[in-house]
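This report concerns only the one structure given below.
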Amino acid sequence: MDEKLLTQARDILGKAERVAVFSGAGLSAESGIATFRGQEPDALWSRFDPMQLASVEGFASDPATVIDWYNWRRGKLAQAQPNAAHRAMAGHPGLMHLTQNVDDLLERAGVPESNVLHLHGSIGKDRCHAACGIEEDISLEKPEPLRQCKGCGAYMRPAVVWFGETLPQYIWGQTQAVCIGVDCLLLVGTSASVYPAITLVDLARSQGCRVIVVNIEASKTKQTDIELIGPAGEILPRLLEGFSLKT
Ligand code: BV8
Ligand code: ZN
């Protein structure tokens, strides 16, 4: 890691009044959770495209395969532990988290639930695909196969936001409010390629917010203030050490 950049980033954090974290699949990578675009080869699923499986069309064309894929991911998550990046951020309970991730590793690391806004929903729940209102917690260890909603007979599916589905309005409103109010945004482990979530970074920047990237690769598009290149589990504990951050 570039020590000079780390010092500059810590300098920005030291001056910040309100800090939030916008995270993606790279935050959970060191917990063994596969990212979307850097899928580690897994014999069972490597021939499937996650972008296809995490979509309305994917579920319509082959609902059983989509449910099996989510149940495979749920099994991985059941065995996963929060990593050093989750734990470093949990040490700052004032931080607000806008996460694209559907896992609960931030909460398991000790981040208060009220401080985690899941832009793309949660893999720990199922909901009725016809949105009749039925929603059920599921067991990550023993999830159910494809089944029907007890309320209306439509299929039950993970309570996540698929490609082609809109984000829940109440979450979207809350995340926009956070982005208008912060003066430093940490962009952790995201390829910044999914809309409309990634427009939140532009919204924050348009309010004069500084943006610090933590990623194993340099970002392609976003104008950012500082890019700390390396694994989040290594960078975040050093970046956040000694601060008492609030939102
Ligand atoms: C919507 C939940 C409208 C499910 C997810 C063309 C242009 C613009 C937009 C579109 C377009 N075509 C289609 C769209 C819309 C589409 C979209 O954005 N497509 C993209 C691909 C172009 N968006 C939608 O469909 C959204 N809805 O637009 O609705 C609408 C309006 C009216 C009516 C109907 C609809 C809904 C999008 C939500 C999709 N759901 N997840 C699930 O998880 O199963 S998105 C999915 O991708 C995950 O949430 C994931 O988190 C997210 C983003 O990816 P990343 O998190 O960034 O992960 P990725 O693998 O890409 O990158 C990992 C990064 O980590 C990398 O940078 C890597 O370098 C880094 N990394 C790896 N290891 C580490 C690390 N960094 C640090 N440390 C490490 N150790
Ligand atoms: Zn129903």
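Among residues of region 212-235 that are free of Cβ contacts under 8 Å to residues at least 24 places away in the same chain, those with a beta-carbon under 6 Å from a residue that is of a type outside the set (S, T, N, Q) and buried (at least 18 other Cβ atoms within 10 Å of the Cβ) at least six positions away or on a different chain give the pairs 218/227. Only one of the listed residues (92, 120) is of a type outside the set (A, V, I, L, M, F, W, C), in contact (Cβ under 8 Å) with a residue 40 or more places away in the chain and farther than 17 Å from residue 53 by Cα. That residue is 92. Scanning region 108-146 for residues that are within 15 Å of ligand 1 (Cβ to nearest atom) and more than 19 Å from the chain's Cα centre (by Cα) yields 127, 129, 131, 138, 143. Taken over region 99-117, the residue count meeting the criterion of being at positive phi and touching a residue at least 60 places away in the same chain (Cβ under 8 Å) is 0.
Only one of the listed residues (56, 102, 66) is of a type in the set (Val, Ile, Thr), at pLDDT 95 or above and within 18 Å of the chain's Cα centre (by Cα). That residue is 102. In this structure, is residue 237 surrounded by fewer than 16 Cβ atoms within 10 Å (Cβ to Cβ) and either more than 21 Å from residue 105 (Cβ to Cβ) or of a type in the set (A, V, I, L, M) (or both)? It is false that residue 237 is surrounded by fewer than 16 Cβ atoms within 10 Å (Cβ to Cβ) and either more than 21 Å from residue 105 (Cβ to Cβ) or of a type in the set (A, V, I, L, M) (or both).
Listed here are the residues, each with its yes/no results for (1) closer than 13 Å to residue 98 by Cα; (2) in a helix (DSSP H, G or I); (3) near ligand 1 (Cβ under 7 Å from one of its atoms); (4) touching a Cys at 6+ places or on another chain (Cβ under 7 Å).
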position: 150; (1), (2), (3), (4): no, no, no, no
position: 179; (1), (2), (3), (4): yes, yes, no, no
position: 193; (1), (2), (3), (4): no, no, yes, no
position: 220; (1), (2), (3), (4): no, no, no, no
position: 228; (1), (2), (3), (4): no, no, no, no
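Residues in region 88-116 that are surrounded by fewer than 19 Cβ atoms within 10 Å (Cβ to Cβ) and either aromatic (Phe, Trp, Tyr) or outside any loop (DSSP other than H, G, I, E, B) (or both): 3 in all.
Summed over region 101-136, the residues that are within 16 Å of ligand 2 (Cβ to nearest atom) and of a type outside the set (A, V, I, L, M, F, W, C) give a count of 7.
Only one of the listed residues (64, 85, 9) is part of a helix (DSSP H, G or I), farther than 20 Å from residue 235 by Cα and not charged (D, E, K, R). That residue is 64.
Count of region 152-171 residues, restricted to those that are closer than 24 Å to residue 99 by Cα and in contact (Cβ under 8 Å) with a residue 40 or more places away in the chain, is 11. Can you tell me how many residues within region 207-247 are over 26 Å from residue 112 (Cβ atoms) and either touching a helix residue (DSSP H, G or I) at 6+ places or on another chain (Cβ under 9 Å) or not hydroxyl-bearing (Ser, Thr, Tyr) (or both)? Residues in region 207-247 being over 26 Å from residue 112 (Cβ atoms) and either touching a helix residue (DSSP H, G or I) at 6+ places or on another chain (Cβ under 9 Å) or not hydroxyl-bearing (Ser, Thr, Tyr) (or both): 13 in total. If you check 234, 217, 141 for being away from ligand 2 (no atom under 16 Å from the Cβ), among the acidic types (Asp, Glu) and touching a strand residue (DSSP E or B) at 6+ places or on another chain (Cβ under 8 Å), only one passes: 217.
The values are calculated or read from the model by the stated rules, or taken from the named source; none is laboratory data. What you see is a predicted model; the values in this text were computed from it and never measured. Cβ atoms come from the backbone with ideal geometry, glycine included; neighbour counts cover every protein chain shown.
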